[in-house]
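A short write-up of the structure that comes next.
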Amino acid sequence: MPHILIVEDEAAIADTLIFALQGDGHSTEWVTLGSAALEQQRQRPADLIILDIGLPDISGFETCRQLRRFSEVPVMFLSARDGEIDRVVGLEIGADDYVVKPFSPREVAARVRAILKRMAPRAEPLASAPELFQVDTLRMQIHYHGQALSLTRHEFRLLQSLLEQPERVFSREQLLDAVGVAADVGYERSIDSHIKSLRAKLRAVAADAEPIQTHRGLGYSYSPSHS
Ligand code: CA
């Protein structure tokens, strides 16, 4: 049974989430403070965290930042504001989804299902993974020229998607989808920043190779011949 941690200081909102998520077959834990969420995740790790941004102690953003130092658990932000900056910031610090209040609890439950499904390890190893790269989906690790890359979860999913289909040009929207965040206006530049940091990590292993190609106005592809 997937275990969901809800971090929300408004009891009425927490109640509707608990009701919807339990109705969907999840177990839930509810805390009202960011610090309590961090402690809870250390003691009894949840499979997914729903994290309000406006919390009485530390903000949801700060909670997520601290969380990412020790956990890769999927995070869905709840926000009272519908600001593009919030969304981009949220995704850049490692959130998986973003819901603006007021929301429908059923919609949140559906998104939770979708995230958990995407996070489930793939049963089959990648048959098409090129030899220069070794993809370990269970450990979410990729080796490049025999060296383990230190990737964030988003970088891992980006590179994994590109490697699965060499030479295919992915649009930013398709890559957002692959990373597992809903494509939306403003999210696209977060892909560019993930690609930038991914390239830096690849370059640290092989300085002259450029396995990720930019296609101006179109998107990105993986090119084995440039690896
Ligand atoms: Ca709040």
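The values are calculated or read from the model by the stated rules, or taken from the named source; none is laboratory data. Since we're looking at a predicted model, the values are computed, not measured. Every residue, glycine among them, receives a Cβ derived from its backbone with ideal geometry; neighbour counts consider all protein chains shown. Note: areas computed on protein heavy atoms with side chains; ligands, DNA, RNA excluded. Shrake-Rupley method; radii C 1.70, N 1.55, O 1.52, S 1.80 Å.
Computed values, structure above
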quantity	calculated
FRET efficiency estimate (nearest 0.05) - Cβ-Cβ, Glu72 to Ser223, R0 30 angstrom	0.60
Rough spin-label spacing in nm, given labels placed 7 Å along Cα→Cβ, for Asp136 and Arg65	3.1
Positive dipole terminus of the chain, leading residue within Leu198, Ile53, Ala148 (C-beta point charges)	Ala148
Beta bridge orientation in the chain: antiparallel %, DSSP, nearest 5	40
Candidate aspartates and glutamates - alpha carbon under 18 Å from Lys101, same-chain residues fewer than 8 apart omitted	Glu8, Asp9, Glu10, Asp15, Asp52, Asp82, Glu84, Asp86, Asp184
Solvent-accessible surface (1.4 angstrom probe) belonging to Asp136, in square angstrom, nearest 10	40
For the chain, Kirkwood radius (reciprocal of mean inverse C-alpha pair distance, Å)	18.5
Accessible surface, the chain, averaged per residue in Å² (probe 1.4 Å)	49
Net lengthening on full extension, Arg168/Ala204 (0.36 nm per residue, minus Cα-Cα)	10.5 nm
Residues of type aspartates and glutamates that Lys201 reaches as a straight line, Cα spacing below 13 Å, ignoring anything fewer than 8 places off in the same chain	Glu155, Glu210
In nm, spacing of pseudo-spin labels at Asp9 and Ser27 (7 Å Cα→C-beta vector)	2.9
Ala80-Arg216 pseudo-label distance in nm [points 7 Å out on the Cα-to-Cβ vector]	4.6
